[in-house]
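A.B. asks: Have a look at this one.
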Amino acid sequence: MTPRKKLEGLVAATVTPMTPDGRINLSVIRQYVDYLTSAAMLCCVETVNGTTGEGLSLSIQERKQLAEEWMCQGKDKLDHVIIHVGALSLLESQELARHAAAIGASGIAVIAPSFFKPTNKDELLGFLQKVASEAPTVPFYYYHIPAMTGVKIRVEELLDGIREQIPTFQGVKFSDTDLLDLAQCINKNEREQFVFLYGVDEQLLSALAIGANGAVGRLQKMYFLFFGSTYNYLGRKTNLMLQAFAKPDLALARKYQFLMGEFLSFVIKLGFGVAQTKAVMTSVSGIPMGPPRLPLVSASEEFIAKAKAKLESIVWPDGD
Ligand SMILES: CC(=O)N[C@@H]([C@@H](O)[C@H](O)[C@H](O)CO)[C@@H](O)CC(=O)C(=O)O
């Protein structure tokens with residue numbers, strides 16, 4: 001496999017900008033990249049076309065266009081662009097994997113198919129292997145998000161012998177609240193060959209504690225990574241939390257986590273999902289992210305006003 005720059009830092013799960021009439025809006029991606037690298041202080045971007053990016057609501061053609069645009073605009077600015085290539089149809093997923101390889105993606109991620117679902121580890125592995133083998137030089141990540149897919153096969157179980165079947169396997173985008181499963185994965189990963197990208201932003205500090213349990217060195221090597229939708233607009237604050245944890249200044253790290261939690265808990269009560277993430281991101285960055293695609297519907301004006309007021313009312317420890 002071609003040596004690539006080490007994957008480290010925060011990874012934003014990107015939204016897919018759309019025009020008011022619901023078409024993908026490639027024209028703002030350059031601005032989006034600049035925003036992420038400057039204001040949000042991120043150097044990686046993922047997943048183009050993931051959950052937050054409404055990947056499964058897009059056509060194959062749209063997904064390819066978006067992937068190409070992110071690769072083009074991210075060149076020399078983003079260290080990594082990981083492309084989500086999961087689909088309900090194996091053939092479509094394979095086509096997207098080949099495309100991601102052809103345009104030079106830093107990695108591909110795949111969720112479990114979620115209409116006809118794999119019922120055990122071997123079925124899931126079979127699907128993942130057939131996708132990964134279409135991009136034999138591209139680092140491969142399993143994207144575990146059971147709340148969305150309904151596929152609850154434990155990652156700990158999936159990891160056993162996975163490299164024999166998927167030589168490009170690099171790790172897991174772990175977007176689940178089951179910290180026992182995550183802890184077991186980290187604990188078993190003695191040779192440190194895999195990375196775990198944790199994706200429940202409001203629980204990041206707890207996951208950090210689990211990752212740091214084995215050895216602080218893991219954290220220093222950024223062996224344990226974080227991705228999520230909130231890093232689109234709270235990336236800078238999350239980076240400050242990571243710095244406080246590494247120091248270690250746990251009281252300060254907790255303060256950041258609690259304040260992020262205060263915002264998320266507030267918006268979750270109002271009803272929070274991809275549509276609302278798009279609205280918050282539009283309001284914070286000034287980049288028109290547009291509406292989501294049906295069946296998702298735009299966030300209400302009331303939500304937008306309340307979320308904005310809440311975010312502005314938070315007094316962060318760095319004085320911002
Ligand atoms: C279900 C969901 O959308 N989860 C988000 C989180 O970042 C989530 O928005 C955040 O923790 C707030 O609840 C990410 O894990 C999604 C994600 O990684 C992706 O879009 O690729």
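A.B. asks: Past the 22 angstrom mark, what percentage of all C-alpha to C-alpha distances in the range 10-260 do you count?
C.D. replies: It works out to 53 percent of all Cα pairs.
A.B. asks: Suppose we flag chymotrypsin sites (Phe, Trp or Tyr not before Pro) only when DSSP calls them loop and at most 16 other Cβ atoms lie within 10 Å. Which is the longest uninterrupted stretch of the chain?
C.D. replies: 117-320
A.B. asks: Ignoring ligands, DNA and RNA, what percent of the 1.4 Å accessible area of the range 10-260 is carbon and sulfur?
C.D. replies: Answer for the range 10-260: carbon and sulfur cover 52 percent of the accessible area.
A.B. asks: I'd like the antiparallel share, as a percent to the nearest 5, of DSSP beta bridges with both residues in the range 10-260.
C.D. replies: Close to 5 percent.
A.B. asks: Per residue, how much accessible surface does the chain expose to a 1.4 Å probe? Answer in Å², no decimals.
C.D. replies: Result: 43 Å² of accessible area for each residue.
A.B. asks: Tell me, in nm to one decimal, what length is gained between Ala39 and Ser59 on full extension, where the rule is 0.36 nm per residue of separation less the Cα-Cα distance? Mind dumping the intermediate values first?
C.D. replies: Values: separation 20, 0.36 × 20 = 7.20 nm, distance 3.07 nm.
Gain on stretching Ala39 to Ser59: 4.1 nm.
A.B. asks: Any idea how far apart Lys188 and Thr137 come out in nm if each label point goes 7 Å out from Cα toward Cβ?
C.D. replies: Distance between label points: 3.2 nm.
A.B. asks: Mind checking which of Ser206, Pro291, Phe116 is farthest towards the positive end of the chain's charge dipole, using Cβ charges of +1 (Lys, Arg) and -1 (Asp, Glu) about the Cα centre?
C.D. replies: Among Ser206, Pro291, Phe116, the one farthest towards the positive end of the dipole of the chain is Ser206.
A.B. asks: Here's another thing I want to ask about it. For Glu312 paired with Phe258, estimate the spin-label separation in nm (one decimal), with each label point 7 Å from Cα along the Cα-to-Cβ line.
C.D. replies: Distance between label points: 2.5 nm.
A.B. asks: Students often get this wrong: which residues of the range 76-90 have the backbone nitrogen under 13 Å from the point 7 angstrom along Cα-to-C-beta of Phe116?
C.D. replies: Those under the cut-off are 88-90.
A.B. asks: Need the full-extension length gain, Lys247 to Arg98, defined as separation in residues times 0.36 nm minus the C-alpha distance. One decimal, nm. The partial results should precede the final answer.
C.D. replies: Numbers: separation 149, 0.36 × 149 = 53.64 nm, distance 4.20 nm.
Going from the current span to full extension adds 49.4 nm.
A.B. asks: Quickly work out the Thr19-to-Arg154 label distance, labels modelled 7 Å from Cα along the C-beta direction, and quote it in nm with one decimal.
C.D. replies: Roughly 5.0 nm, to one decimal.
A.B. asks: Relative contact order of the chain, please, whole-number percent, based on alpha carbon pairs below 8 angstrom and at least 6 residues apart.
C.D. replies: Relative CO of the chain lands at 19 percent.
The values are calculated or read from the model by the stated rules, or taken from the named source; none is laboratory data. Everything numeric in this text was worked out from a predicted model, so none of it was measured. Counting neighbours? That spans all protein chains shown, and the Cβs are built from the backbone with ideal geometry, glycine included. Keep in mind that these areas ignore ligands, DNA and RNA; they rest on the heavy atoms of the full protein, side chains included. Shrake-Rupley method; radii C 1.70, N 1.55, O 1.52, S 1.80 Å.
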